[in-house]
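So the structure is just underneath, and the comments pick up after that.
The values are calculated or read from the model by the stated rules, or taken from the named source; none is laboratory data. As the structure is a computational prediction, the values presented were derived from the model and not from experiment. Every residue, glycine as well, gets a Cβ built from its backbone with ideal geometry; the counts of neighbours run over all protein chains shown.
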Amino acid sequence: MNILAIESSCDETAAAVVRDGRTVLSNCVSSQIEMHTIYGGVVPEIASRKHVEAVTALADQAVEQAGLTCANLDAVAVTYAPGLIGAVLVGVNFAKGAAMALDLPLIPVHHVRGHIAANYLTHPDLEPPFVCLCVSGGTTAIVDVRSYTDMAVLGGTRDDAAGECFDKVARVLGIGYPGGGPMDRLAAGGDDRKYDLPQAHVSGHELDMSFSGLKTASLNLIHNAQQKGEELDLPSFAASFGRAVSQSLVPRAMAASRKLGYGKVAVAGGVAANSRIRADLQAACAQSGDKLFLPELRYCGDNGAMIGCQGYYEFLAGHTAGAELNAYATRDI
Ligand code: KG4
């Protein structure tokens, strides 16, 4: 089954063709990062307009690179939630038009389910159930992946997402947008204990997290240093920050795994590319005996292949939509 998949939830327009859920025939991404860098973050209206400009050519390119024509497609899958609403709407409307014109089933895919599915593309042996730590620019959640299409959020951030926190701190440091990658690279030469940054303990639910305190403490530390004319040890600051984020995420993911007892832990989303988090998960799983699944770096950030993969399993479960399909800025997983 060849699925044309469309993703446009934030600042990347993506189109891919995936065969039978696990074989990526093409994976085309058009990034808008350069445009949004000027503003230090994603400007929603610009994002929507750029998706409109890119999506048709990108879908054509994905079909061509797959060595197929539209006649070889069997379904169209699309991210319908969550994301910047105007941006998601572009993909949904394009996919709707394509599905209707080609007389193909239309498959709505939840963006976070797509991120989780990126692991199936990297690990042919991975099957649910497993615990997945989902960390991106908009989401920070620990998910019980009971089956390909039955999932429950066990805990998550009460405020900022981990990626958002990386981005805001990096912006104040002036090291680029999006900031997670540059912070990660900067941290490589640093002392992760030099700066004492807080890790919030959220009362009421052991698997919930909070990143707003870490963000504020980091911004205050940077501001105070600037005021006093002191030079921050940037690599050590980035390393201390990475440690604080990882120490909020990893123990909770492992606690969830202990609770459910599947013996399998995965990580997903743009922040899953972070080397500190990957290393800490590796160490924790080596100790606990859980099998760890890390997605390939090319499938961590937003892409169409992950939507095509999850779309296949949604189709098998009978989850298709008609012309009434809408886009949603938020939606339960
Ligand atoms: O999954 P993604 O591409 O978009 C969303 O669905 O949100 O994630 C983007 C986020 C950004 O916040 C970016 O700074 C972060 O992923 N990110 C990283 C790294 N690479 C990307 N965060 C930490 N370390 C990285 N290496």
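Just a yes or no: is a residue in the range 111-122 polar (S, T, N, Q) and closer than 19 Å to I3 by Cα?
Among the residues of the range 111-122, at least one is polar (S, T, N, Q) and closer than 19 Å to I3 by Cα, which makes the answer yes.
Elements of the type strands (runs of 3 or more DSSP E) sitting completely within the range 1-76 and holding at least 3 residues that are out of contact with any Lys or Arg (no Cβ under 9 Å at 6 or more places or on another chain) and more than 16 Å from the ligand (Cβ to nearest atom): these cover 12-19, 23-31. Taking into account only those residues within the range 265-289 that are touching a helix residue (DSSP H, G or I) at 6+ places or on another chain (Cβ under 8 Å) and not in a helix (DSSP H, G or I), which is farthest from G301 (Cα to Cα)? In this case the residue turns out to be V265.
Just so you know, in the range 257-303 the residues that are hydroxyl-bearing (S, T, Y) and closer than 30 Å to I33 by Cα include one that is farthest from the ligand (Cβ to nearest atom), and it is Y299. Taken across the range 309-322, residues that are in the same structural domain as V109 (by TED's automatic domain parsing), within 16 Å of the ligand (Cβ to nearest atom) and under 24 Å from G163 (Cβ atoms) do occur, with at least one present. For the range 251-268, the condition of being buried (at least 18 other Cβ atoms within 10 Å of the Cβ) and touching a His at 6+ places or on another chain (Cβ under 6 Å) holds for at least one residue.
Residue-wise test of (1) outside any helix (DSSP H, G or I); (2) modelled with pLDDT of 95 or more; (3) not assigned by TED's automatic domain parsing to the domain that holds V63.
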{"position": "G91", "(1), (2), (3)": "no, yes, no"}
{"position": "K96", "(1), (2), (3)": "no, yes, no"}
{"position": "A99", "(1), (2), (3)": "no, yes, no"}
{"position": "P108", "(1), (2), (3)": "yes, yes, no"}
{"position": "G163", "(1), (2), (3)": "no, yes, yes"}
{"position": "F166", "(1), (2), (3)": "no, yes, yes"}
{"position": "R171", "(1), (2), (3)": "no, no, yes"}
{"position": "I175", "(1), (2), (3)": "yes, no, yes"}
{"position": "P178", "(1), (2), (3)": "yes, no, yes"}
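Scan the range 173-183 for residues that are near the ligand (Cβ under 9 Å from one of its atoms) and of a type outside the set (S, T, Y) and jot them down. Hits for the range 173-183 are P178, G179, G180, G181, P182, M183. Inspection of the range 325-332 identifies no residue that is under 30 Å from P251 (Cβ atoms), out of contact with any Pro (no Cβ under 9 Å at 6 or more places or on another chain) and basic (K, R). Residues of the range 47-60 being touching a residue at least 24 places away in the same chain (Cβ under 8 Å) and surrounded by 15 or more Cβ atoms within 10 Å (Cβ to Cβ), which ones? Residues satisfying the conditions are A47, S48, K50, H51, V52, A54, V55, L58, A59.
Cβ-Cβ under 7 Å, sequence separation 6+ or interchain: first residue in the range 194-214 and among the charged types (D, E, K, R), partner surrounded by 14 or more Cβ atoms within 10 Å (Cβ to Cβ). Which pairs? What qualifies is K194/D233; K194/S236; K194/S240; E206/A255; D208/G155; D208/G156; D208/R158; D208/V202. Which of the residues belonging to the range 142-172 are in contact (Cβ under 8 Å) with a residue 24 or more places away in the chain, within 13 Å of the ligand (Cβ to nearest atom) and touching a helix residue (DSSP H, G or I) at 6+ places or on another chain (Cβ under 7 Å)? Once the filter is applied, which keeps residues that are in contact (Cβ under 8 Å) with a residue 24 or more places away in the chain, within 13 Å of the ligand (Cβ to nearest atom) and touching a helix residue (DSSP H, G or I) at 6+ places or on another chain (Cβ under 7 Å), the range 142-172 yields D160, A162, G163, C165, F166, D167, K168, V169. Which one of the conditions (1) within 14 Å of the ligand (Cβ to nearest atom); (2) surrounded by fewer than 21 Cβ atoms within 10 Å (Cβ to Cβ); (3) at pLDDT 95 or above; (4) farther than 30 Å from K264 by Cα does T216 fail to meet, given that it meets all the rest? Status for T216: all satisfied but (1).
Are any of the residues in the range 80-87 hydrophobic (A, V, I, L, M, F, W, C), more than 20 Å from V109 (Cα to Cα) and surrounded by fewer than 22 Cβ atoms within 10 Å (Cβ to Cβ)?
no
Of the residues that sit in the range 184-196 and are assigned to a loop (DSSP other than H, G, I, E, B) and surrounded by 17 or more Cβ atoms within 10 Å (Cβ to Cβ), which one is farthest from the ligand (Cβ to nearest atom)? The qualifying residue farthest from the ligand (Cβ to nearest atom) is Y195. On the stretch given as the range 113-136, residues that are surrounded by fewer than 23 Cβ atoms within 10 Å (Cβ to Cβ) and either within 16 Å of the ligand (Cβ to nearest atom) or within 24 Å of K215 (Cα to Cα) (or both) total 1.
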